[in-house]
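Below is one structure, written out as structure tokens; the observations come after it.
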Amino acid sequence: MSLPARPRPASGLSPLVPLGYLVCAAAAFLVASLGVGWLGPELAGHYYHPRLLALTHTVTLGWVTLAIMGASYQLIPIVLERPIWSERLARWQLAILAVAVTGMVAHFHLGPWPGLTAAAGLLAVGIALHLLNVGMSLRGFNRWTFTARLVVLAYGGLTLTTLFGLVLAVNRVWSFLPGEFFPTLHAHVQLALLGWVAPMILAVAARVYPMFFLAPAPRRWHSVLQLWGLAAGVPAVVLGLFGVPGLLVAGALAVAAAAGAHAAWMCEMACGRKRPGLDWGLRFVLTATAFLAPAAVLGVAMAADRLAGPRVGLAYAIVTLGGWISLTIVGMMLKIVPFLVWYRAYSPRAGREPVPTLAQLSWPRAEGLAYLLLTGGVVLLAATVLVGEATWIRAAGAVLALGALAFAAALARVLGHLHTGAQKWPPHSPNLQSPRERLPQTRTLVDVGSRDA
């Protein structure tokens, strides 16, 4: 008699696939956080510096992009209800992206542009594989909800950002782009932050947060303003930076309106939630939302030419990339990783013997320490960068690094259950029951996360 198949999360993939992405992303976050203090003198100067470019791409590619891709392999089947097309392709993609990101960061740091261009080309291949996997997963899809539209918008932004970055890399070897360099660079940055990362976060939030908080989904005006604020605002910002100045302020205001609608919904959800207590993951995502206010103010002020200079630009990047985006991802990882580990290590035993809950897998003290240090470190870093004092920047970087270490320790504690669970119950035991014979509420991240504190 053949053995029943090993149970899988809702995506149909092995939990080790998204976990691989998330672990690599967390490693990049730790490296970047440790590097902030080391780069204090560079952060006190102009942002266009080889070491700062290496740091920025460690965050944007190694941390943010890998984390989103890893989470998408678990969340897309949940939020869009479509299975992932190819697990093998997802594994190959991670290997290619890890090599490409490492190569890009190293060449940014060292300075040889031909090597950077080659690494950028390899990165484009890895991203193309991800887009292929997602595109094949969504073929025939026809349920165009608010979340679905934002996901498609985000992947369109990822495609354009990748092509844009590849063109910039080639341009450093064979100069062919017209116009000034810095507006073009700024357009690339804004396209990445506002066209790729922002819509993906808003898409997942609209579907997952209500179930985690036990609160209502966004109201219609929240959804319309978020969707069209980004759909109209991001192209206007990019075109404005390319030399159509009349569009820049209008685009910045549209994006700010989208951010305001998201923040308003988050406040409404937090006040009207039925969930009595909040774990540290949910506190992270709520606190991350507070960084949208200074990010929007700085963005509109720079677009209107009320504020300018490298220090203001760095502060904007820190509150947007380090505050809203990074803290949101930290919070979501504290929800996703325990579920994936639990499913891999303990789901075969659920219903037959006592197994730990998701809350028991976590390490609340380390998560709480990470919360205090990371949120405080981002605020201190933004303030000290505005002042431009290298010693203070290094102190803020030390706080941020300690927070990243606490976050890494919390994840390591959870990941340790993979070894513990595998030792106690081998994955190919003949006594494994089918998923229907075990607890049905453990089939998806949303179901488990909304029930477990």
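The values are calculated or read from the model by the stated rules, or taken from the named source; none is laboratory data. Computed from a predicted structure; not experimentally measured. Virtual Cβ from ideal backbone geometry, glycine too; neighbours counted across all protein chains shown. The accessibility values were calculated without ligands, DNA or RNA, using every heavy atom of the protein model including side chains. Shrake-Rupley method; radii C 1.70, N 1.55, O 1.52, S 1.80 Å.
Just a few scattered comments:
- Lys, Arg +1 and Asp, Glu -1 on Cβ, resulting dipole of the chain about Cα centre, debye, nearest 20: 1260 debye
- Considering helices alone, the calculated mean residue ellipticity of the chain at 222 nm is -24000 deg cm²/dmol, with DSSP H runs of length four and up weighted by -39500 (n - 2.57) and normalised per residue.
- Across all directions, the average flat footprint of the convex hull enclosing the Cα atoms of the stretch 220-306 is 6.3 nm².
- Chymotrypsin sites (Phe, Trp or Tyr not before Pro) restricted to the stretch 77-111 and DSSP loop, no more than 11 other C-beta within 10 Å: none
- Leading residue at positive end of dipole, the chain (Cβ point charges), from 77, 104, 376: 77
- Counting 0.36 nm for each residue step from residue 110 to residue 81 and taking away their Cα separation leaves a gain of 6.0 nm.
- A simple charge model with +1 on the Cβ of Lys and Arg, -1 on the Cβ of Asp and Glu and nothing else charged puts the dipole of the stretch 314-429 at about 440 debye relative to its Cα centre.
- Counting only protein heavy atoms and a probe of 1.4 Å, the accessible surface of the chain is 68% carbon and sulfur.
- C-alpha long axis of helix 245-272 to longest principal axis of the chain, angle in °: 30 degrees
- Taken about its Cα centre, the stretch 102-232 carries a charge dipole of roughly 520 debye when the Cβ of each Lys and Arg holds +1 and the Cβ of each Asp and Glu holds -1.
- As a length-normalised measure over Cα pairs under 8 Å and 6 or more apart, the relative contact order of the chain settles at 21 percent.
- Spacing of the two label points (7 Å from each Cα toward its C-beta) at residue 383 and residue 275, in nm: 3.0 nm
- Residue ranking by accessible heavy-atom surface, 1.4 Å probe, largest first, among 176, 164, 339 comes out as 176, 164, 339.
- Mean Cα-pair separation over length for the stretch 303-425, i.e. relative contact order, pairs under 8 Å, 6 or more apart, %: 37 percent
- Helix 292-303 and the long axis of the chain differ in direction by around 30°, with both axes built from C-alpha atoms.
- For the stretch 1-153, the relative contact order comes to 27 percent (Cα pairs under 8 Å, sequence separation of at least 6).
- Peptide ranges 39-45, 73-79 listed from the most packed, as the mean C-beta count within 10 angstrom indicates: 73-79, 39-45
- Cα convex hull of the stretch 3-109, projected area averaged across orientations, nm²: 8.0 nm²
- Of the trypsin sites (Lys or Arg not before Pro) found in the stretch 93-175, those that fall in a DSSP loop while having at most 10 other beta-carbon atoms within 10 Å are 139, 143.
- Percent of Cα pairs exceeding the 16 Å cut-off, where the set is the stretch 352-422: 56 percent
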